[in-house]
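Peer 1: Please find one structure pasted underneath; my questions will follow.
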Amino acid sequence: MPLWLREHSWRQTLTAVYLSLPLRGARATPANIFCSEQYLKVSIPPFLFEAVLYAPIDDTNSTAKIGNGNIFFTLYKKEPALWDSLTLANADKEKLQYLRENAVLKAQEKAKEETEAKKITKQEHKKYALEATMKLEEAERKRIEDLKEKERQKVAKELELWKNQQKDGDKCKSIQAKEELHQEIEPLKERKNEKMNKTRIPLEGGSKTRPKSTRGCSCSIFSQDLKEEQLPAPRPAATIKVNFTPRVFPTALRESRVAEEEEWLHKQAEARRIINSDLSELEDLKEEEKNPEWLKDKGNKMFAMGDYLGAVNAYNLAVRLNNKLPLLYLNRAACHLKLRNLHKAIEDSSKALELLTPPVPDNENARVKAHVRRGTAFCQLELYTEGLQDYEAALKIDPKNKIIEKDAEKIRHLIQGTMQSS
Amino acid sequence: MSAVLGPERPQVVSHVQQALSYTVFDCKWVPRSARLLCLGSAARGTGVVQLYELHGARLELLREIEKPKPIKCGTFGATSLQQRYLATGDFDGNLNIWNLEAPEIPVYSVKGHKEIINSIDGVGGLGIGEGAPEIVTGSRDGTVKVWDPRQNDTPVANMEPVQGESKRDCWTVAFGNAYNQEERVVCAGYDNGDIKLFDLKTMSLRWETNIKNGVCSVEFDRKDINMNKLVATSLEGKFHVFDMRTQHPTKGFASVSEKAQKSTIWQVRHLPQNRDIFMTSGGSGSLHLWKYEYPAQRSKKDSEGSEMGVAGSLSLLQNVTLSTQPISSLDWSPDKKGLCVCGAFDQTVRVLIVTKLNKI
């Protein structure tokens with residue numbers, strides 16, 4: 001049950017109501033105050049104060065001041081009138097309830113409206129900002145375009161000027177050429193001069209340069225003849241034989257392909273080497289014995305029967321034919337273990353592990369075996385720490401294997417035992 | 001690699017763009033004029049030669065000539081300024097020299113090669129250099145042949161693979177070292193990365209090297225001087241600049257290489273007015289303008305006492321992307337500094353102006 005705050009005091013003017021509410025020690029924040037047009041509530045659990053006001057107030061402009069253990073409300077009346085009392089008298093429970101709910105709803109609506117208004121203004125601001133930046137960028141772009149355009153026009157003008165000069169030069173030269181031809185024919189000279197005069201008028205630029213170039217042209221005719229004579233005879237025919245850079249591939253050399261090509265050549269060389277090295281001995285072998293897979297199966301069978309040396313031989317031959325199969329090394333390691341060739345067993349398991357990269361679930365099984373075999377070999381050589389390392393690696397791959405766990409434990413004990421004793 | 005500062009950098013301005021209805025393989029300025037030629041192959045398998053004139057902001061078609069075989073390359077290098085005959089190599093291996101005023105019958109014609117002529121160069125004409133006018137053609141049949149327009153049917157020099165050797169396509173040829181009447185070299189680049197330098201005076205192989213990627217384009221910085229620099233561009237975005245002044249007996253010429261664009265560098269062209277500036281065009285439709293800076297000492301002595309060249313450094317002046325297709329041909333105008341034309345495989349030819357080259 002809330003504790004009602006009833007020791008409020010109020011006074012009024014024509015336009016406003018001043019309400020003072022002592023708080024009895026409770027601390028108030030703006031969240032505790034709820035106010036709508038005709039309903040005022042202050043709820044600071046466990047205290048509660050509510051008032052259904054006599055007449056509607058303007059709740060947006062009204063204020064509440066919190067301080068000194070007191071809330072001081074300044075409520076502006078909607079209609080200037082003097083109230084008989086702060087609250088509505090003879091308000092029954094239902095009416096109160098209704099008013100309360102109404103008030104809450106109204107407040108909610110107002111809140112919604114406010115958020116929407118805020119959203120709209122925010123959007124408008126954003127749009128404005130965007131437009132402003134666009135305008136700036138546009139201005140910048142235009143400025144650059146203008147610069148370019150100016151440059152272009154300047155350059156075009158220069159070009160026109162140059163071109164006109166060229167044209168004049170050309171026309172001038174053609175006229176002079178004609179003139180030279182006619183100079184030799186005396187009687188026609190006068191008529192030609194008349195013609196020259198007529199054609200001279202439109203060419204203002206040309207006429208100025210004419211006297212100078214006439215001299216130049218006549219010189220050039222002579223010099224042309226001289227030059228013709230001075231041209232050497234055509235070279236005596238000869239052939240130069242050309243060799244191209246030697247290349248293995250028929251395609252032309254491309255720098256970006258060099259790495260690929262090197263790799264390909266390397267692989268080819270290796271394959272060839274393998275085939276060549278075995279040629280002499282393999283002649284007496286049957287066809288199936290040249291197949292590494294078949295040899296591996298043979299080796300497995302011999303291992304099962306206990307013929308470890310035979311198995312090793314089979315595996316050796318298989319490795320010579322194809323040294324990239326990890327299972328061959330794995331199985332050979334097992335044979336060496338049985339034969340107590342511990343170093344060879346370690347080597348083979350290591351080689352098998354190398355070939356079993358990348359570590360994927362597919363070769364989990366094989367890797368576990370490789371680690372176990374290598375671990376066993378280490379332990380038999382009394383290199384217990386290395387052995388333990390391998391066993392732990394095996395456990396990591398396959399944590400559910402009890403045998404490996406047991407063996408790993410045994411090794412740990414052994415290590416601790418030796419440490420204690422030494 | 002040093003960079004030129006912002007506002008002073010040369011700008012590449014695209015002046016005119018002309019869409020063509022055929023694939024353009026080569027574009028060349030007609031010397032001493034504002035006219036340019038486009039050579040290519042029409043869709044129906046015939047060769048096209050178009051002559052345009054630059055009029056303000058557009059190109060005006062002056063003349064169109066159709067030939068039975070598609071034309072791959074052309075040069076004005078071996079003709080005199082008065083005649084201005086065009087030498088072309090076509091897809092069938094024919095070398096023809098045309099008078100553009102009367103293009104029906106070629107002035108000179110020979111079936112020089114068994115396969116397409118990939119590249120052509122001319123020297124001795126246009127008032128540049130001295131000596132006999134000669135044309136060199138490099139073809140897909142692996143041979144490089146030098147022709148004299150005054151001698152019919154047989155080449156004056158023939159660089160062919162040794163009997164029995166598998167041939168490699170010759171992709172590019174260039175003349176150089178033509179500083180007097182006797183001296184001349186031909187540089188040829190092949191699709192397997194071989195670059196071979198043939199000396200025509202002694203008729204021998206002077207130098208060869210392999211740059212590990214097919215050589216798309218070689219050019220000397222000037223044809224008519226003692227050979228100074230050679231730029232060789234290749235596939236996979238790399239190009240090499242060789243310093244040709246000092247040849248070491250075993251190491252050959254010193255070089256600096258740059259990997260600029262991720263794609264093939266199709267062409268390199270030196271600015272006729274400044275031999276240390278050149279432009280490379282790439283398979284991604286971009287053009288890069290480079291400047292070569294000489295080292296403090298161009299040659300030094302190695303441990304045995306023989307002279308060895310020292311390569312300089314390159315700086316990128318500007319780069320611009322004009323097209324999405326490779327720009328396969330590029331030509332600077334010999335008359336106006338900075339004016340150049342480029343033809344790309346998107347069937348457009350563009351006239352560009354490079355500004356501020358005077359300040360370099």
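Peer 1: All but one of (1) within 14 Å of chain A (Cβ to nearest Cβ); (2) out of contact with any Phe, Trp or Tyr (no Cβ under 8 Å at 6 or more places or on another chain); (3) surrounded by fewer than 21 Cβ atoms within 10 Å (Cβ to Cβ); (4) in a strand (DSSP E or B) hold for B:GLU101; state the number of the condition that does not hold.
Peer 2: (4)
Peer 1: Out of B:GLU258, B:GLU208, I need the residue that is open to solvent by 10 Å² or more (accessible area, probe 1.4 Å) and either in contact with a Cys (Cβ under 8 Å, 6 or more places away or on another chain) or farther than 21 Å from B:ASN177 by Cβ (or both). Which one?
Peer 2: Selected residue: B:GLU258, the only one of B:GLU258, B:GLU208 that is open to solvent by 10 Å² or more (accessible area, probe 1.4 Å) and either in contact with a Cys (Cβ under 8 Å, 6 or more places away or on another chain) or farther than 21 Å from B:ASN177 by Cβ (or both).
Peer 1: For region B:287-338, give me every one of the strands (runs of 3 or more DSSP E) that falls completely inside it and has 2 or more residues that are among the charged types (D, E, K, R).
Peer 2: In region B:287-338, B:299-301 are the strands (runs of 3 or more DSSP E) which contain 2 or more residues that are among the charged types (D, E, K, R).
Residues are listed down the side, and each one gets a yes or a no for (1) hydroxyl-bearing (Ser, Thr, Tyr); (2) over 13 Å from A:TYR18 (Cα atoms); (3) assigned by the TED database to the domain that holds A:LYS41:
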{"site": "A:PRO56", "(1), (2), (3)": "no, yes, yes"}
{"site": "A:ALA64", "(1), (2), (3)": "no, no, yes"}
{"site": "A:LEU75", "(1), (2), (3)": "no, no, yes"}
{"site": "A:LYS78", "(1), (2), (3)": "no, yes, yes"}
{"site": "A:LEU99", "(1), (2), (3)": "no, yes, no"}
{"site": "A:LEU105", "(1), (2), (3)": "no, yes, no"}
{"site": "A:GLU113", "(1), (2), (3)": "no, yes, no"}
{"site": "A:ILE120", "(1), (2), (3)": "no, yes, no"}
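Peer 1: Take the residues in region B:180-200 that are open to solvent by 10 Å² or more (accessible area, probe 1.4 Å) and at pLDDT 90 or above; name whichever of them is nearest to the other protein chains (Cβ to nearest Cβ). Explain how you work it out, then say what you get.
Peer 2: In the first step, residues of region B:180-200 are kept if they are open to solvent by 10 Å² or more (accessible area, probe 1.4 Å); the result is B:180-183, B:191, B:199.
Imposing the further condition that a residue be at pLDDT 90 or above reduces the set to B:191, B:199.
Values: B:ASP191: 5, B:ASP199: 9 Å.
Only one residue fits best here, namely B:ASP191.
Peer 1: If a residue has to be open to solvent by 30 Å² or more (accessible area, probe 1.4 Å), touching a Gly at 6+ places or on another chain (Cβ under 8 Å) and of a type in the set (A, V, I, L, M, F, W, C) to count, how many in region B:21-53 make the cut?
Peer 2: Qualifying residue count, region B:21-53: 1.
Peer 1: Right, next: Could you please find all residues in region B:25-51 being of a type in the set (Phe, Trp, Tyr) and more than 13 Å from chain A (Cβ to nearest Cβ)?
Peer 2: B:PHE25
Peer 1: Just checking, does region A:323-346 include any residue being small (Gly, Ala, Ser), open to solvent by 60 Å² or more (accessible area, probe 1.4 Å) and free of Cβ contacts under 8 Å to residues at least 40 places away in the same chain?
Peer 2: no
Peer 1: Filter region A:81-102 for residues that are under 27 Å from A:GLU114 (Cβ atoms) and open to solvent by 90 Å² or more (accessible area, probe 1.4 Å) and give the result.
Peer 2: A:GLN97, A:TYR98, A:GLU101
Peer 1: Still on this structure, I have one more. When you go through (1) in a helix (DSSP H, G or I); (2) more than 48 Å from the chain's Cα centre (by Cα); (3) surrounded by fewer than 23 Cβ atoms within 10 Å (Cβ to Cβ) one by one for A:LYS351, which number turns out not to apply?
Peer 2: (2)
Peer 1: Please list, ordered by first then second residue, the pairs with beta carbon atoms under 9 Å, 6 or more apart or interchain, first in region A:385-406 and in a loop (DSSP other than H, G, I, E, B), second of a type outside the set (A, V, I, L, M, F, W, C).
Peer 2: Listed by first residue and then by second, the contacts come to A:ASP398/A:GLU364; A:ASP398/A:ASN365; A:ASP398/A:ARG367; A:PRO399/A:GLU405.
Peer 1: State all residues of region B:115-165 that are of a type in the set (A, V, I, L, M), in a loop (DSSP other than H, G, I, E, B) and over 18 Å from B:GLY214 (Cα atoms); if no residue qualifies, say none.
Peer 2: Passing the criteria: B:LEU126, B:ILE128, B:ALA132, B:VAL156, B:VAL162.
Peer 1: Can you tell me how many residues within region A:6-65 are open to solvent by 40 Å² or more (accessible area, probe 1.4 Å), touching a Lys or Arg at 6+ places or on another chain (Cβ under 7 Å), assigned to a loop (DSSP other than H, G, I, E, B) and not acidic (Asp, Glu)?
Peer 2: Here the count works out to 2.
Peer 1: Within region B:223-245, track down each residue that is closer than 30 Å to B:GLN181 by Cα and among the polar types (S, T, N, Q). Don't jump to the end; show me each part of the working.
Peer 2: The initial filter retains those residues of region B:223-245 that are closer than 30 Å to B:GLN181 by Cα, namely B:223-233, B:240-245.
The answer is B:ASN226, B:ASN228, B:THR233.
Peer 1: Okay, next question. What are the pairs with Cβ atoms under 8 angstrom where one residue, in region A:358-379, is not assigned by the TED database to the domain that holds A:CYS335 and the other, located anywhere, is open to solvent by 60 Å² or more (accessible area, probe 1.4 Å)? Sequence gap at least six, or different chains.
Peer 2: none
Peer 1: Which of (1) within 9 Å of chain A (Cβ to nearest Cβ); (2) closer than 29 Å to B:GLN50 by Cβ; (3) open to solvent by less than 10 Å² (accessible area, probe 1.4 Å) does B:GLY89 not meet, given it meets every other one?
Peer 2: Condition not satisfied by B:GLY89: (1).
Peer 1: Starting from region A:245-260, keep only residues that are facing chain B (nearest Cβ under 7 Å) and closer than 17 Å to B:ASP169 by Cα, then list their pairs with residues that are open to solvent by 70 Å² or more (accessible area, probe 1.4 Å) and assigned to a loop (DSSP other than H, G, I, E, B) whose Cβ atoms are within a distance under 6 Å, requiring at least 6 positions of separation or different chains.
Peer 2: Sorted first by the residue in region A:245-260, then by its partner, the pairs are A:LEU253/B:LYS212.
Peer 1: Go through (1) in contact with a helix residue (DSSP H, G or I) (Cβ under 8 Å, 6 or more places away or on another chain); (2) under 18 Å from A:GLY306 (Cα atoms) and name the single condition A:ASN341 misses.
Peer 2: Going through (1) in contact with a helix residue (DSSP H, G or I) (Cβ under 8 Å, 6 or more places away or on another chain); (2) under 18 Å from A:GLY306 (Cα atoms) one by one, A:ASN341 breaks only (1).
Peer 1: Can you name the residue in region B:123-171 that is farther than 17 Å from B:ILE225 by Cα and touching a residue at least 60 places away in the same chain (Cβ under 8 Å) and, of all such residues, is farthest from the other protein chains (Cβ to nearest Cβ)?
Peer 2: B:ILE135
Peer 1: Within region A:29-48, does at least one residue satisfy the condition of being at pLDDT below 80, among the aliphatic types (A, V, I, L, M) and under 60 Å from the mean Cα position of the chain (by Cα)?
Peer 2: Yes, region A:29-48 contains a residue that is at pLDDT below 80, among the aliphatic types (A, V, I, L, M) and under 60 Å from the mean Cα position of the chain (by Cα).
The rows are residues; the columns are (1) touching a Phe, Trp or Tyr at 6+ places or on another chain (Cβ under 8 Å); (2) among the polar types (S, T, N, Q); (3) on the phi < 0 side of the Ramachandran plot; (4) open to solvent by 30 Å² or more (accessible area, probe 1.4 Å).
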{"residue": "B:VAL136", "(1), (2), (3), (4)": "yes, no, yes, no"}
{"residue": "B:VAL146", "(1), (2), (3), (4)": "no, no, yes, no"}
{"residue": "B:LYS167", "(1), (2), (3), (4)": "yes, no, yes, yes"}
{"residue": "B:PHE175", "(1), (2), (3), (4)": "yes, no, yes, no"}
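Peer 1: Is there a residue being crowded, with 24+ Cβ neighbours inside 10 Å, within 14 Å of chain A (Cβ to nearest Cβ) and in contact with an Asp or Glu (Cβ under 7 Å, 6 or more places away or on another chain) anywhere in region B:233-245?
Peer 2: So far as region B:233-245 goes, yes, one or more of its residues are crowded, with 24+ Cβ neighbours inside 10 Å, within 14 Å of chain A (Cβ to nearest Cβ) and in contact with an Asp or Glu (Cβ under 7 Å, 6 or more places away or on another chain).
Peer 1: If you don't mind, there's one more thing I want to ask. Considering only region A:139-162, I want to know if a residue exists there that is more than 14 Å from chain B (Cβ to nearest Cβ), within 33 Å of the chain's Cα centre (by Cα) and among the aliphatic types (A, V, I, L, M).
Peer 2: Yes, because at least one residue in region A:139-162 is more than 14 Å from chain B (Cβ to nearest Cβ), within 33 Å of the chain's Cα centre (by Cα) and among the aliphatic types (A, V, I, L, M).
The values are calculated or read from the model by the stated rules, or taken from the named source; none is laboratory data. In this text, all values refer to a predicted model and were calculated from it rather than measured experimentally. So basically every Cβ, Gly included, is an ideal-geometry build from the backbone, and we count neighbours across all protein chains shown. With ligands, DNA and RNA removed, areas are computed over all heavy atoms of the protein, side chains included. Shrake-Rupley method; radii C 1.70, N 1.55, O 1.52, S 1.80 Å.
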